[in-house]
1. Quick check on residue 60: is it free of Cβ contacts under 8 Å to residues at least 40 places away in the same chain, small (Gly, Ala, Ser) and over 26 Å from residue 391 (Cβ atoms)?
2. Please work out if residue 183 is touching a residue at least 24 places away in the same chain (Cβ under 8 Å), within 18 Å of the chain's Cα centre (by Cα), buried (at least 24 other Cβ atoms within 10 Å of the Cβ) and within 15 Å of residue 275 (Cα to Cα).
3. Which one is modelled with the highest pLDDT, of the residues in the stretch 331-355 that are of a type outside the set (A, V, I, L, M, F, W, C) and touching a Leu at 6+ places or on another chain (Cβ under 9 Å)?
4. Out of the residues in the stretch 427-443 meeting the condition of being in contact with a helix residue (DSSP H, G or I) (Cβ under 8 Å, 6 or more places away or on another chain), modelled with pLDDT under 75 and of a type outside the set (D, E, K, R), tell me which one is nearest to residue 70 (Cα to Cα).
5. Sort through 158, 177 and tell me the only one that's within 14 Å of the chain's Cα centre (by Cα) and at pLDDT 85 or above.
6. Give the residues of the stretch 39-49 that are surrounded by fewer than 16 Cβ atoms within 10 Å (Cβ to Cβ) and at pLDDT 90 or above, sorted by residue number.
7. Condition (residue is modelled with pLDDT of 80 or more and either out of contact with any Lys or Arg (no Cβ under 8 Å at 6 or more places or on another chain) or not in a helix (DSSP H, G or I) (or both)) applied to the stretch 402-414: is it met by at least one residue?
Amino acid sequence: MGPAWQKLWKTEDWWAVWLGLGIIAFVVLAYAAGYAEALGHFAAKPPAWQTFSTVVEHVAGNWFWYVTLLGVFLAVFVLSITAMGLSPRRYVPGFILIFLSSAAILVLSSSSFAKQYNLEAPLLALLLGLAVSNLFKLPEWLEVSLRTEYYIKTGIVLLGATLPLTLILSAGPIAFLQATLVSTVTWLAIFLAATKLFKLEPQFGAVMGAGGSVCGVSASIAVGAAVKARKEHIAISISLVTVWAIIMIFLLPLFSRVFHLETAVAGAWIGTSEFADAAGFAAAAAYAPQKPEGLEDAVRAVAAGNARPEQADLASMAKFYDTENAIRAFTLMKVIGRDIWIGIWCFILAIVAVVYWERRQGGQSARVGTAVIWERFPKFVLGFVAASVVMTIIVKAYGAESGDAFKNLGRDLITPITTLRTWTFVFAFLCIGLTTRFKELTKFGWEPFWAFTIGVLINVPLGFFLSVFVFKDFWLKIE
């Protein structure tokens, strides 16, 4: 088979699709065969706890399932790592360490203290990784297992299984429109600042613009290859994306709370203004808005059937404060809206680089075909949509409307997938922290930093304006 076919099992993008859809198929088949209870045990997750004795009791009764989960993750990741030409011998010990660390992080995030301060597992994983990488020198054998992009892309495919296709179809056009506005304005701001204010090479400005306006690391790499940017330009862009993505994990939820944003609106803003999929998910998952006084009492009264009219009206607002809506809106905005711009930007900028920049710089021109779009298109987005299609069909097969069915089947079918998704996201955030060294981020000079920062200062307010004012009514309909 030719090189094109080999990419189906040689790249992280495609393996994320196969692995994510494979996990979904396994869960669905087990559910259909009547093993719903076993699925709940297999997708192991620590319970909420106040005293550590609860954790000890949980581990004593479920250690077999954690070992089984480790074995399954290890088997599928080793298979894919080997197919991609990496060393399984070096990968195995590193991944075992990542899994055990992630398990400890999930335990910590389940504590009453963590819940009180909204310290979700991905955020704790990031903080732990940053602390370790900046205080200690990591061993070389660990590097093979730090597959950040692979883990997060797999998690995004799994995320598709929790979003009904009807929601994607209804929200997709709005998300794409909002993303088009933000992507274009932010790219132009960074590119013009880099080339006009700081006199940097146009290829450098193009790479930073893509990193800030589309999809961080993936866009920097893809556009860098499309315009033939220097390796150090791609490395600097990735570093800048990482710095601002980490900062926004804290700032976007904080200001969303200050402005009392509904969860879906906050999720849309985060999806518009975060610079990396993993970081955006952490920010959306961490957002817990201040609920109106008496809301929880009103919800309980409605459930008990003795609510007063004013309580019923108040309880109807509960959906606006559901954290899962923030995750849904973020995913629609970032994955459906912004990530698909990678291929488009690569195609456009490859043409510009060939017919203008390279000729001006004395380089050789070459033809650019539409195949560039497919070559650079993030394939995991296809997996995300496929997962949504499959789960929507399955839900309808159980005789319910999409929205209701996703809730009714949540405990036995959707929850195991959500839990496995959480594991992959914790893997990803731990890897982000372990590969981010602040000392290395200061050696590139200030011009790229300020060019990128100008884009940030335009992107974040623009995303806020579009999410909170222009498209607010639309995002509030998500549930």
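1. The answer is yes for residue 60.
2. Here the answer is yes, as residue 183 does meet what is asked.
3. 331
4. 438
5. 158
6. 47
7. yes
Each row is one residue, and each column tells you yes or no for (1) more than 26 Å from the chain's Cα centre (by Cα); (2) within 20 Å of residue 418 (Cα to Cα).
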residue: 54; (1), (2): yes, no
residue: 69; (1), (2): no, yes
residue: 81; (1), (2): no, no
residue: 84; (1), (2): no, no
residue: 90; (1), (2): yes, no
residue: 100; (1), (2): no, yes
residue: 113; (1), (2): no, no
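The values are calculated or read from the model by the stated rules, or taken from the named source; none is laboratory data. Given the structure is predicted, the values throughout are model-derived calculations rather than measurements. All Cβ positions, even for glycine, are placed from backbone atoms using ideal geometry, and neighbour counts span all protein chains on display.
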